[in-house]
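Report on the following structure.
The values are calculated or read from the model by the stated rules, or taken from the named source; none is laboratory data. Note that this is a predicted model, so its numbers are computed, not measured. Cβ coordinates were reconstructed from backbone atoms using ideal geometry, including for glycine residues, and neighbour counts include every protein chain displayed.
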Amino acid sequence: MMWSVSFGLILGLLVGSFLNVVIHRLPQGESIVTPGSRCPECQMSIRPWQNVPVFSYLWLRGRCGHCGCQISPRYPALELLTGVLFAAMAWRWGLTAQGLLFMAFTAALVAAAAIDFDLQIIPDEISLGGLAAGLLLAPAVQTLEAGAPYAQAVLQSLIGALIGGGVLWSVGFLHARISVATGRTFPHWPGEGETPPRPQDADYWLWFPGLGLGDVKLLAMIGAFVGPLGVIDTLLAASVVGLVVGVSVGVFQSNWKSPFGFGPSIAGGAILVIILPLHPLVLGTAGQAAG
C-alpha cells in the first residue's frame with residue numbers, strides 16, 4: 001500500500017508539471033507538446049534540472065534560472081495538489097486499471113477546473129475528449145476488473161453521461177425560459193440591444209444565463225466515468241463545494257458579485273466522490289433503517 005501511494009504521489013507530481021503547460025497553452029490554441037517548458041517572462045527554455053516538480057521551485061527560490069524573474073507559486077502548488085490527489089487515488093483504488101484510469105480522469109478534472117477558474121471556459125478538448133474516453137475506457141475497465149458484461153457497462157456509462165449533462169442542461173434551459181417570461185436580464189445575456197433567442201435559434205437551446213455549456217459537457221464527461229449514481233453524488237458534492245468556494249471568494253475579495261466558474265466545484269465534487277462515494281453511505285443507512 002505504501003509503495004502504491006508513493007508511486008501515485010511521484011506520478012502525480014510529474015503529471016502536475018505537465019498540467020501547468022496544458023492550463024497555460026490549451027486555451028490559447030498552442031501546442032502542449034512543443035516547444036518545451038519555457039520561462040513565461042524571458043521565454044528561455046527551462047533545463048531539465050530546473051523543471052523537477054516542486055523541488056526546483058524551492059531550490060531556485062521561486063525564480064527563473066535565466067532572468068531571475070519571480071515564478072508564480074501556483075505552479076508548484078498545482079504540482080503538489082495533483083501529486084496528493086494521485087496518491088489518494090492509489091490509496092483508494094491501488095495501482096489497478098481502475099486506479100490508473102481515475103488518475104487520468106483526475107488530471108483532466110484538475111486542468112478543467114484551473115482553466116475555468118482563470119477564464120470561465122472549459123475547452124472541448126477536455127470535456128468532449130474526456131466524454132469519448134469515458135464512454136470507451138470506463139466500460140472496458142469495468143469488464144476487465146469486475147467482470148461486468150461490456151454492453152451493460154457501456155449502457156451504464158452512457159446513462160451516467162446523459163444524466164450528468166441532462167440535469168445541468170435542464171436547469172439552465174428552465175432558468176432561461178423563466179427569466180424571459182419574468183423579464184429578468186443578466187450581464188451579457190441576452191446582450192445589450194439584443195432580444196432573447198427564439199426556438200428556431202440554436203442559442204435558445206444552448207445559451208443560458210449564469211451557466212456555461214462547458215459545465216454541461218463537463219458533467220456529461222464525469223457521468224461517463226462514474227455512472228448514474230456517481231454523477232448524482234457529484235452533483236450533491238459539487239453543490240456543497242460551490243457554496244464553500246462562493247463564500248470564500250466573496251470573503252477574500254470583499255465582493256459578493258464577482259463571477260466564478262462552476263467547473264472547479266463540479267471537478268472537486270467528482271474527485272471527492274471517487275475517493276468516498278456518497279450513495280453507499282446513504283443506501284447503507286436506508287437499508288439498516290428498513291431492516
**Asked** Restricting attention to region 109-128, does a residue exist that is in a helix (DSSP H, G or I), touching a Leu at 6+ places or on another chain (Cβ under 9 Å) and over 27 Å from Pro40 (Cα atoms)?
**Response** no
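What do you reckon, is Ser45 in the same structural domain as Cys64 (by TED's automatic domain parsing), in contact with a strand residue (DSSP E or B) (Cβ under 6 Å, 6 or more places away or on another chain) and surrounded by 12 or more Cβ atoms within 10 Å (Cβ to Cβ)?
Yes: the conditions hold for Ser45.
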**Fill in**
Scanning region 160-184 for residues that are under 21 Å from Ile126 (Cβ atoms) and of a type outside the set (A, V, I, L, M), the one surrounded by the most Cβ atoms within 10 Å (Cβ to Cβ) turns out to be Gly164
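Report yes if Ala138 is in contact with a helix residue (DSSP H, G or I) (Cβ under 8 Å, 6 or more places away or on another chain) and under 25 Å from Ile266 (Cα atoms), otherwise no.
yes
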**Item:** Any pair with Cβ under 7 angstrom, 6 or more apart, that starts in region 229-243 at a residue that is under 12 Å from Ile266 (Cβ atoms) and ends at one that is hydroxyl-bearing (Ser, Thr, Tyr)
**Value:** Ala238/Ser265; Val241/Ser265; Gly242/Ser265
**Item:** Every pair of residues 6+ apart whose Cβ atoms lie under 8 Å, when the first sits in region 24-39 and is exposed (fewer than 13 other Cβ atoms within 10 Å of the Cβ) while the second is among the hydrophobic types (A, V, I, L, M, F, W, C)
**Value:** Gly36/Ile46
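Within the group Pro209, Pro139, Pro149, Pro187, which residue is more than 22 Å from Ile126 (Cα to Cα) and either surrounded by 16 or more Cβ atoms within 10 Å (Cβ to Cβ) or under 24 Å from the mean Cα position of the chain (by Cα) (or both)?
Pro209
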**Message:** Condition (residue is of a type in the set (Val, Ile, Thr) and outside any helix (DSSP H, G or I)) applied to region 98-106: is it met by at least one residue?
**Reply:** no
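Conditions (1) closer than 18 Å to Ala161 by Cα; (2) touching a His at 6+ places or on another chain (Cβ under 9 Å); (3) modelled with pLDDT of 90 or more, marked per residue:
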residue	(1), (2), (3)
Phe225	yes, no, yes
Gly261	no, no, no
Ile266	yes, no, yes
Pro277	yes, no, no
Ala289	no, no, no
**Fill in**
Residue pairs qualifying under the 7 Å Cβ cut-off, at least six apart or on distinct chains, with the first in region 65-80 being touching a residue at least 60 places away in the same chain (Cβ under 8 Å) and the second being outside any loop (DSSP other than H, G, I, E, B) and acidic (Asp, Glu), are none
**Failed condition for Gly129, given (1) at pLDDT 85 or above; (2) among the small types (Gly, Ala, Ser); (3) not assigned by TED's automatic domain parsing to the domain that holds Gly212** = (3)
**Item:** Verdict on Asp201 being surrounded by 14 or more Cβ atoms within 10 Å (Cβ to Cβ), on the phi < 0 side of the Ramachandran plot and acidic (Asp, Glu)
**Value:** no
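Looking at region 48-58 only, could you name the residues that are surrounded by 12 or more Cβ atoms within 10 Å (Cβ to Cβ), assigned to a helix (DSSP H, G or I) and either modelled with pLDDT under 90 or not assigned by TED's automatic domain parsing to the domain that holds Ser37 (or both)? Lay out the reasoning, then the answer.
Step one: list which residues in region 48-58 are surrounded by 12 or more Cβ atoms within 10 Å (Cβ to Cβ), which gives 50-57.
From the residues that got through so far, the ones that are assigned to a helix (DSSP H, G or I) too are 50, 55-57.
Listed by number, the residues that qualify are Gln50, Ser56, Tyr57.
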**Single match in Ala90, Ala108, Ala104 (criterion: under 21 Å from Leu272 (Cβ atoms) and without any contact (Cβ under 8 Å) to a residue 40 or more places away in the chain)** = Ala104
**Prompt:** Can you name the residue in region 63-91 that is over 17 Å from Val15 (Cβ atoms) and within 27 Å of the chain's Cα centre (by Cα) and is also surrounded by the most Cβ atoms within 10 Å (Cβ to Cβ) among such residues?
**Reply:** Ile71
